[in-house]
Amino acid sequence: MSGFYFLLTILAAIAVYVMGVYNGLQRLKTQIVASIQEIGNQLKRQASLIPNLESAVKGYLKHEKGVFEMLTDARKAVAKADKSGSATDIDEAISKVQNLVPQIRVAVEDNPELKANETVTKFMSELTDTADKLTYARRSVIDLTQNYNEKLVTFPSNVIAGMFGFKPEKGLETAQAGSHLSVSEDEMKDVKVNL
Amino acid sequence: MTHYELIASNKQKSWVIITLFMIFIVGAVYLMSVGLGYGLDLVGIALIVSGMMSFASYWWSDSIILSISGARPANREEFFDFYTVTENIANGQRLPMPKLYVIEDTAMNAFATGRDPQHAAVVATTGLLSRLDRAEIEGVVAHELSHVQNYDIRLMSIVTILVGMIALLSDWMLRISFRRGSRNNDREGGQLQVIFMIAGIALALLSPIIAQLIQLAISRKREFLADASAVGMTKNPEGLARALEAISQDKEPLEVANKATAHLYIANPLKNRHDAVGWFAGMFQTHPPVEERIAALKNLTGAV
């Protein structure tokens, strides 16, 4: 009789473990989807912020051609990333926007009228924030996908994943070949970031 | 120690502190009532009161500490960087968004409190928010959120209220007995004054033991650990390092901090106070030197 209970306990323990792994995998899957959607939201937000900033500084910065080129460039990059959703496009959009803000800040510093303009400073901080949010959301997708895929190939969670037919997640789409697969000379230099 | 073991150990220590507190209060009341010849009813009352206090310290620790520190809620418009940076890190760590508060003070400091990540609050002084840039604020907030994530906040808040209360009580009793003594010399308040004085001195003698207790519960490693996890959250060790440097160069003590709440803050808020409170603070020192923390972060700069 005691052998029967022993077996029952073991079976119950296994059932609880299987349930835990299954729920964990499902949770990760929904979190990955949510993070990818967050990236989409932030890109849309950026896409609507940039024209606003453009029109706010237009009157003041007529002679600053470089700034307007950067603004247009950033807007195009954001639109492209929003459309394709590929990791490389998103990276490019993030870096374009992050480069844009300091450039505008320099132009604003030279222009006392603009400096006093609250709308411009507000748009600029919002833009910085969306760029930050994109970075965090992107990192989330990578972390979660890695976490999920790791469970799919390690024992014993891989057995359970196989039982329920979980498929590996791709996370953010990346091109099969491209610059991101190799490290350039430039990227190996010591990076000094100052925000 | 893994992340989960750390959380388990913090929860366990929280219960140990509560138990020790109740034993201390009930034991002290028992000795007093035996010594003064009162009945044991007092012990029962002490048990109930200390039980209620323990529950309050667990359940309302955040509101109690926030009101002791004179904090007010922070909104997105007024403190844009503080708010959005917290939003970003909380999102990235899949933590619920904590409540945000500010203390109106030009000194630079910050702390986190609450019983779990769902009921957490992050507090910063307006001096810190106005003098640090976005990347530096990000580092400070990440440090505080790692305390939230590890359940350090539960343990630290309970310690603040229960152990800190005993420490503050001794200050308060001594002050009352001396003030009364200097003002009126008539015999009415005499007996009460003596009781206050004896209790105050007894508690003051206990203070080093209490300080030791706080140090045992809150090891200095905790701050290094929170710094390291903060860098894991922001991937930018320089932000936190620069923030710590700026905070350490700030010579101003924080008015609302006392020895019960000092260990909560990111950097010792009682520095350069040369009165009795400052002297006591040295004994309650729970923060490793900022230089060591910056050096540890500089080591990470190469690694990340």
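Legend: mean number of C-beta atoms from other chains within 10 angstrom of residue C-beta atoms, peptide B:91-99, equals 3. Compared with the alpha-carbon gap, the fully stretched path from residue B:40 to residue B:16 is longer by 6.1 nm at 0.36 nm per residue. Averaged over residues, the count of other Cβ atoms within 10 Å places the peptides B:118-124, B:231-237 in the sequence B:118-124, B:231-237, highest first. For residue B:9 and residue B:76, the difference between the fully extended length at 0.36 nm per residue and the C-alpha to C-alpha distance is 20.6 nm.
At full extension, residue B:56 and residue B:116 could sit 20.1 nm farther apart than now, given 0.36 nm per residue minus the alpha carbon distance. Taken along the Cα-to-beta-carbon direction at a fixed 7 Å, the label points for residue B:198 and residue B:94 span 5.9 nm.
For the residue pairs A:29/A:80; A:133/B:235; A:44/A:83; A:83/A:133; A:29/A:167; A:80/A:167, the alpha carbons lie more than 21 Å apart in A:29/A:80; A:80/A:167. Using a 10 Å cut-off on Cβ to Cβ distances, tally the other chain neighbours for every residue of B:232-238 and report the average as a whole number. Mean inter-chain Cβ contacts per residue within 10 Å come to 2. What is the calculated FRET efficiency for residue A:63 to residue A:170, with r their C-beta to C-beta distance and R₀ = 41 Å, to the nearest 0.05? So, using R0 = 41 Å, E works out to roughly 0.35.
Our Cα-only numbers for chain A put the radius of gyration and Dmax at 23.9, 91 Å. Averaging the sequence gap over all C-alpha pairs within less than 8 Å and six or more residues apart, then dividing by the number of residues, gives chain A a relative contact order of 29 percent.
Note on residue B:13: lysines with a C-alpha under 24 Å away, same-chain residues under 8 apart excluded, are B:221, B:259. For residue B:252 and residue A:150, the FRET efficiency from 1/(1 + (r/R0)^6), where r spans their Cβ atoms and R0 equals 60 Å, is about 0.80.
Across segment B:9-163, the mean sequence separation of Cα contacts (distance under 8 Å, 6 or more residues apart), normalised by length, yields a relative contact order of 27 percent. For chain A, the membrane-span-like helices by this rule, meaning whole DSSP H stretches whose C-alpha atoms cover at least 18 Å of axis and whose Kyte-Doolittle mean is 0.0 or above, are A:2-58, A:87-109; this says nothing about an actual membrane.
The numbers here are math on the coordinates, done by the rules we state, and not lab data. Quantities reported herein were computed from a predicted structural model and do not represent experimental measurements. In this analysis, Cβ positions are derived from the backbone assuming ideal geometry, glycine residues included, and neighbour counts consider all displayed protein chains.
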